[in-house]
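Below is one structure, written out as structure tokens; the observations come after it.
The values are calculated or read from the model by the stated rules, or taken from the named source; none is laboratory data. If you're wondering where the values come from, they're calculated on a predicted model, not measured in any experiment. Please note: Cβ atoms are built from the backbone with ideal geometry, for glycine as well, and neighbour counts cover all protein chains shown. When the accessible area is computed, the model is the full protein with side chains, heavy atoms only, and any ligands, DNA or RNA have been set aside. Shrake-Rupley method; radii C 1.70, N 1.55, O 1.52, S 1.80 Å.
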Amino acid sequence: MELLKKIFSSADSDKEVQAILAHAESLLEKNFYDWAAVEFNKALELNPKFASETVTRLFQEMQGGGNPDGMISLGVNVLQMDPKNVELANILGNTYRKKHDWKQAKNMYHYCLKHDPDFKYAFYNLAASVAKLEVADGTAVSAIDEFEKMSDFVLPDIKEGLDKLIEMQQNFVNDPEEVSEDGGAGKQEDTGEIPVDGSKEDDKTEVKADDEKDGDESSDETNKINPSQTFKYIVSNLEAESKEEKEACFTLGIYCLQQRIGDIAQRLFKRLLMREKGNVDLRCFLVLAISLDGDTNKAIKTFQGILGSNPNHRYTNVNMGILLKRKGMIQQSRVCFFTTFKLLERSKGNYDISAILEKAEKLYEEGHEKKAIEIYEPLVPEITSEELLNKIAQYNVEKKLWDNAFEIFRRILHINRQNKEAREGIKSIHAAYLMVSGNYLKKKDPKNALLAIDKALNIAASKNLIQKAISLNRILKNENRTIELEKMLEAFKKKEIKGKVQEKISLAEEAETKGNFKEAISYYEQAIRIEPQNSTLKKLVDLCVRIKRPDLAEKVTNWFNKYQHSIEEKKKVQAREAFRQSEKNEEEFQKDGEPDSAEEVASTSSDEAESVESENEEESQQDET
């Protein structure tokens, strides 16, 4: 960030604004983004032109770095001074997406379109944000360019199956009249839809890119197929529910979709669905067949239902995008296309992941584990087999790829929270992060040690671990993170105390039900000593009333008031001492730079391999305060 130093050397610059900007830059480097924003605003008020130019140039300098929070802090200030700068708003939207803050990203793109309704990149970036994809600007446009050119449905390749259908034609004589009645080969039904380009004539003559590649010879062969007679032949002559019959029905169904013969396609896919009701491919193709009758709205609504339970189904996503595009719903179609692009990236361009998974399984069995994992890992969000996911996670554990392993174990627990292998795996990763942090601390590398500790905190927090993270953040002068962790520690302590108090109250109530009033009073007293709460006192006084001891209720109340007052006084003393200590620490930081606290933090690292069971289980096992 040497850019400001060069700017400050200019003789024409304003000294006061320079000083404010220098302070703002310092705050920015320390991750005080909100405070830095205040300083930038001061500079913009004093000298809007100079400050705006400086902040804009600094923002441009930061774009190549890895500090999205700093970019956003600067960019928002520039945007306030130049609210019609849609290019900047678009960059901010892209930056929010890098943080996976999809909501703010969408807000920025809406802001762009409000000020410039024709801003092309904002349209594409907005659709990509809805699909939760990071591709932006020109890359986003090119990512779905091929999808937007599509006019016909995207369907499986049936070249091999077509040869068998062509052979079947020898078993019957084509009846021209019947072909005409059934909408035979080569005839296209009028869907009643207006094509995207407004030309109905062009819509009828559209041909898929794959079909064009096959050439005229292939077209001539496929035109020999009589769908109606072929369907009758399959039903009458092939063994019901056999593999041959299933493949023939599927191939003919796809062929009918390609030729826009909706009625026969519907009958074929309904026939197949009777045997495989859960087959999403067949449901998708049946909806496409129904859409050929002209009710595109109904087809889109049905597709939405399919995606509700199968959001990663590629054929449904892409074909829904095509139907939306036909209806003129361009922006919604782009969302579908971006989603399809993301899914195809995972599966290396394949619409059917089952074949990909089979290939990976074969590689794994043959000992090519690395190649198999390279295929498996992008598909983890779609894999539902706990056994397979555990296998992938364990491979990552063996290779010490803790981050990957943790995400996969989390995926398993999302499917089944009781999966023992995943729970044990996460515990082992937690212990590994703590070991890594300890090793870095021994090397006096607090920065990398802190990264490992933060990852451990993401799995399971404990008082000691939070305190260690606070110490390291103080060493590294990460003030914002320090404050955040201090609040976390305070909340953790409160929750811990609340659990212990509730435990004593439960014991007191249980003792009362057994008629052991003395023991019940003792448990209430213990609860009050942990934390003097008025609600606990009320329970104790009510007990005294129930056992007809008003004198004891008065004594208990007096004792409670005195005890509560003494606790409050102690807290005041501790607060004053903490303030004095923080001032002392700040002075030491300024004098000595980086203290030797890393060694102190390292001294406790070996004791941090704690249980990763739920916090409630941890609390129940802790000793009384």
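Quick one: which of 261-268, 515-522, 289-296 comes out on top by average Cβ neighbours within 10 Å, and what's the full order, highest first?
Details: 261-268: 22.0, 515-522: 15.1, 289-296: 19.6.
Result, highest mean Cβ count within 10 Å first: 261-268, 289-296, 515-522.
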Q) Is the shape of segment 77-164 rounded, prolate or oblate, going by the alpha carbon gyration tensor and its root eigenvalues a ≥ b ≥ c, with a/c under 1.5 for rounded and a/b larger than b/c for prolate? A) prolate
Q | Over 22 Å [Cα-Cα, segment 328-443], rounded percent | A | 46
Q. Listed here are the pairs Lys455/Lys572; Lys164/Lys359; Lys120/Lys301; which of them are more than 31 Å apart at the Cα?
A. Lys455/Lys572
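With 18 Å as the limit, write out which pairs from Lys498/Lys538; Lys98/Lys348; Lys159/Lys348; Lys494/Lys571; Lys498/Lys539 have Cα-Cα distances beyond it, or answer none. Don't jump to the answer; show the numbers that get you there.
Values: Lys498/Lys538 16 Å; Lys98/Lys348 23 Å; Lys159/Lys348 21 Å; Lys494/Lys571 14 Å; Lys498/Lys539 16 Å.
As for pairs spanning more than 18 Å Cα to Cα, those are Lys98/Lys348; Lys159/Lys348.
Can you work out the accessible area per residue across segment 256-391, with the rest of the protein chains kept in place, probe 1.4 Å, in square angstrom? Numbers along the way, then the final one.
Details: 6090 Å² over 136 residues.
Accessible area per residue: 45 Å².
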